[in-house]
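A.B. asks: Please read through the structure below; I'll follow up with questions.
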Amino acid sequence: MIEINNINKAFTNGITALKNFSLTVQRKEVVVIIGPSGSGKSTLLKCLNGLEEIDEGSIVIDGIPLDHQKKNRLEIRKEVGMVFQSFNLFPHMTVMENINLAQMVVRKKSAAQAQETTMELLTKVDIASKAGSYPAQLSGGQQQRVAIARALAMMPKVMLFDEATSALDPEMIGEVLDVMKNLAKEGMTMIVVTHEMGFAKEAGDRIVFMADGEIVEQGTSEKFFNNPEKERTKQFLSQIF
Amino acid sequence: MKKKLIKINVLDVLIILAVLAMGSWFVFRINTALDYQWNWSIIPQYMFRFDAEHGWVPNMLMQGFFMTIKLSIWSTILAVILGTTMGLCKISGSLYKRLISNSYVEIIRNVPPLVLVFIFYFFIGDQIMTVLGVGDTVRSFSDTTKFWINIFFAPAPQFPEFLSAVITLGLYEGAYITEIIRSGIESIEKGQWEASYALGLSKSQQMIHVVLPQAVQRILPPLAGQFISIIKDSAIVSVISIQELTFQGMELMAATFLTFEIWITITALYFFLTFFCSLAAGWIENRYRESGYLA
């Protein structure tokens with residue numbers, strides 16, 4: 001589903017974010033990426049839909065190469081949904097309008113069709129009663145669930161979660177993680193950058209541990225958390241548990 | 001909200017007394033040193049006069065007042081169009097567009113407005129308008145058309161001058177509006193661009209649906225302030241014989257020698273106009289805040 005081959009990414013200030021990074025993600029697989037901050041996790045996600053340009057290497061998503069052809073890029077942006085740490089809902093639109101927008105503008109759906117999908121998705125993330133509210137009237141957890149629904153409205157084949165719960169109050173983390181777990185159960189292909197080890201253990205098919213722009217170790221969640229091989233991994237795990 | 005009680009302390013009293021003393025001293029100086037004969041009774045007839053055919057019609061001062069308003073409105077429309085275009089060019093990825101908008105803003109902002117007025121007047125008014133035959137075209141219009149041109153713009157014979165004044169003011173204020181638009185758009189969080197990009201919106205769709213609607217709310221207050229500036233700056237085109245408020249004041253002064261009465265009246269008229277606009281701007285801003293999403 002996703003093939004990342006030897007990508008390199010350095011920022012203009014000289015900091016290397018990704019070094020010869022390769023990763024393959026199967027269809028319906030949930031890959032959880034963990035690692036200390038500054039290890040290039042978020043940059044990796046941003047590279048996957050072209051929000052950041054890679055310097056070298058190749059990315060192929062569902063058979064479409066992420067190159068400089070506008071058509072391919074648009075196709076990938078449609079197929080890849082992204083959820084941000086800071087929600088990034090559009091504050092001047094109601095919840096309903098937030099979710100309708102891309103369906104109508106990009107997928108060219110009619111308003112009625114878009115609304116139907118939107119209400120289904122809002123029911124799915126358990127927030128249908130807030131369809132007419134503005135984002136500022138919602139709690140952080142509610143906003144993030146709307147953001148997930150907004151990404152799902154494009155019917156993406158892959159979902160990327162960039163520290164989706166890091167900006168939330170502790171009591172709201174659960175409601176967002178539940179939505180993500182359900183998605184995983186339904187067979188969505190997901191790459192999740194998170195600090196929630198509980199989620200990683202429960203929902204992750206594979207755990208990837210990154211440091212300094214490279215994969216240090218990866219494996220099934222059971223093996224990764226119980227029998228880590230590398231010293232760097234053990235050190236990291238001992239710090240968080 | 002409870003209304004705050006206004007407390008007046010000694011310093012306030014002293015300041016009020018000082019202002020009153022200053023005012024009285026001015027009047028005293030004018031009366032004694034200049035031996036000035038006040039004659040306020042003549043001012044109203046220069047605002048409105050009675051015409052045997054049409055009844056009460058605006059006279060010089062009010063004509064100037066209306067001309068100032070028309071001049072300001074048309075200049076603002078032009079300046080907003082120009083400023084939006086140039087503002088968008090300024091944040092564009094294309095070096096060519098940025099070069100055009102930067103040159104425009106830098107040239108306009110680094111030349112005194114009075115000099116610009118003369119340059120534009122002799123270029124646009126004298127050359128371009130003549131070549132385009134604007135004056136002849138307007139003269140050839142039917143009387144009804146001329147009537148409406150008079151209502152919305154200026155009397156037909158002065159139309160080319162009016163147009164060049166509008167273009168001058170529009171070009172001048174457009175440079176400032178360019179910066180207002182640019183900073184408004186740049187103030188929108190990066191996450192908004194990123195989220196709409198990730199949803200598959202094209203660059204222009206991101207701008208139209210997500211960024212501009214939010215930017216407009218931040219742009220409106222400084223834009224209202226700029227409109228007030230335009231009203232005040234419009235006085236400058238009196239030097240190219242546009243018959244707006246300041247020009248009419250100078251004419252009247254030459255005819256009647258009632259220097260103080262006329263300029264006090266003109267000050268009051270300008271103040272009335274701009275103060276009314278500030279109130280309106282404040283009201284719009286409040287309404288936006290109340291109805292808006294910034295719960």
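A.B. asks: With each label point set 7 Å from Cα along the Cα-Cβ vector, what nm distance links B:Leu11 and B:Val111?
C.D. replies: 4.6
A.B. asks: Continuing with the same structure: Quick one: if you stick a label point 7 Å off each Cα along the C-beta vector at A:Asn13 and A:Glu171, how many nm between them?
C.D. replies: Using points 7 Å along Cα→Cβ, the separation is 3.7 nm.
A.B. asks: Between region A:38-73 and region B:51-102, how far is it from one alpha carbon centroid to the other, in angstrom?
C.D. replies: Cα centroid to Cα centroid, the span is 46 Å.
A.B. asks: Something else about it: What does the C-alpha gyration tensor say about the overall shape of region A:39-124? Classify as rounded when a/c is under 1.5, otherwise prolate if a/b is larger than b/c, or oblate.
C.D. replies: Prolate.
A.B. asks: Find the accessible area per residue for region B:75-187; the probe is 1.4 Å, ligands and nucleic acids are left out, and the unit is Å².
C.D. replies: Per residue, region B:75-187 has 52 Å² of solvent-accessible surface.
A.B. asks: Follow-up question, since we're still on this one. Just to confirm, what accessible area per residue do you get for region B:233-295 at 1.4 Å probe, in whole Å²?
C.D. replies: Per-residue accessible area for region B:233-295 comes out at 56 Å².
A.B. asks: A further question on this structure: With springs only between Cα atoms under 10 Å apart, run a GNM on chain B and tell me which of B:Ile15, B:Ile219, B:Ile30 wobbles the most.
C.D. replies: Taking springs between Cα atoms under 10 Å, the residue moving most is B:Ile15.
A.B. asks: Are there any helices in chain B, counted as whole DSSP H runs, that stretch 24 Å or more along their axis by Cα and score at least -0.5 on average by Kyte-Doolittle, and if so which?
C.D. replies: B:10-32, B:60-90, B:159-186, B:212-233, B:259-291
A.B. asks: Using only the C-alpha atoms of region A:91-203, find the volume of their convex hull and express it per residue in Å³.
C.D. replies: Dividing the Cα hull volume of region A:91-203 by its residues yields 100 Å³.
A.B. asks: Considering protein heavy atoms only and a 1.4 Å probe radius, which residues within region A:73-94 exhibit an accessible-area decrease of no less than 20 Å² in the full assembly relative to the chain by itself?
C.D. replies: Flagged in region A:73-94: A:Arg77, A:Phe84, A:Asn88, A:Phe90, A:Pro91, A:His92.
A.B. asks: Please work out the C-alpha center-to-center distance from region A:78-127 to region B:227-269 and express it in whole Å.
C.D. replies: Here the two parts' Cα centres lie 56 Å apart.
A.B. asks: In addition: Percent of accessible area on the protein assembly as shown owned by carbon and sulfur, 1.4 Å probe?
C.D. replies: It is 61 percent, rounded to a whole number.
A.B. asks: Taking 0.36 nm per residue of separation and subtracting the Cα-Cα distance, what length does fully extending B:Trp283 through B:Ser24 add?
C.D. replies: 89.7 nm
A.B. asks: For chain A, modelled as a Gaussian network with Cα springs under 10 Å, which listed residue fluctuates most, A:Glu171, A:Glu202, A:Glu163?
C.D. replies: Of the options given, A:Glu171 has the highest mean-square fluctuation.
A.B. asks: Among B:Leu17, B:Leu88, B:Leu132, which one shows the biggest mean-square fluctuation in a GNM of chain B, springs joining Cα atoms closer than 10 Å?
C.D. replies: B:Leu17
A.B. asks: Using DSSP H assignments, which helices in chain A have an axial alpha-carbon span of 27 Å or above and a mean Kyte-Doolittle hydropathy of -1.0 or higher?
C.D. replies: None pass (Cα extent of 27 Å or more, hydropathy at least -1.0).
A.B. asks: Same structure, new question: Using a 1.4 Å probe and counting only protein heavy atoms, how much accessible surface gets buried when B and A come together, both sides summed, in Å² to the nearest 100?
C.D. replies: Rounded to the nearest hundred, the buried surface is 2000 Å².
A.B. asks: Another question about this same structure. Can you pull the one-decimal nm distance between simple spin-label points at A:Glu202 and B:Lys203, each 7 Å off the Cα toward Cβ?
C.D. replies: With each label point 7 Å from Cα toward Cβ, the separation is 4.4 nm.
A.B. asks: Shifting gears a bit: Would you work out if region A:4-161 is rounded, prolate or oblate? Take a ≥ b ≥ c from the square roots of the eigenvalues of the alpha-carbon gyration tensor; rounded if a/c is under 1.5, else prolate when a/b is larger than b/c, oblate otherwise.
C.D. replies: It is prolate, given that a/c is not under 1.5 and a/b is the larger ratio.
A.B. asks: Let me ask you something else. For chain A, what is the charge dipole size about the Cα centre, in debye to the nearest 20, if Lys and Arg each add +1 at the Cβ and Asp and Glu each add -1 at the Cβ?
C.D. replies: That gives a dipole near 560 debye.
A.B. asks: For chain B, compute the number of Lys pairs whose alpha carbons are separated by less than 19 Å, excluding pairs fewer than 8 positions apart on the same chain.
C.D. replies: 6
A.B. asks: To the nearest whole number, what is the average tally of beta carbon atoms from other chains within 10 Å of the beta carbons of peptide B:116-128?
C.D. replies: Average per residue, whole number: 0.
A.B. asks: Take the alpha carbon gyration tensor of the protein assembly as shown, find the square roots of its eigenvalues, order them as a ≥ b ≥ c, and report rounded if a/c is under 1.5; if not, report prolate when a/b exceeds b/c, else oblate.
C.D. replies: prolate
The values are calculated or read from the model by the stated rules, or taken from the named source; none is laboratory data. Fair warning: this is a prediction, and the values are worked out from it, not measured in the lab. For neighbour counting, all protein chains shown are included, and Cβ atoms are generated from backbone atoms with ideal geometry for every residue, glycine included. To get the accessible areas, we keep the full protein, side chains included, count just its heavy atoms, and leave off ligands, DNA and RNA. Shrake-Rupley method; radii C 1.70, N 1.55, O 1.52, S 1.80 Å.
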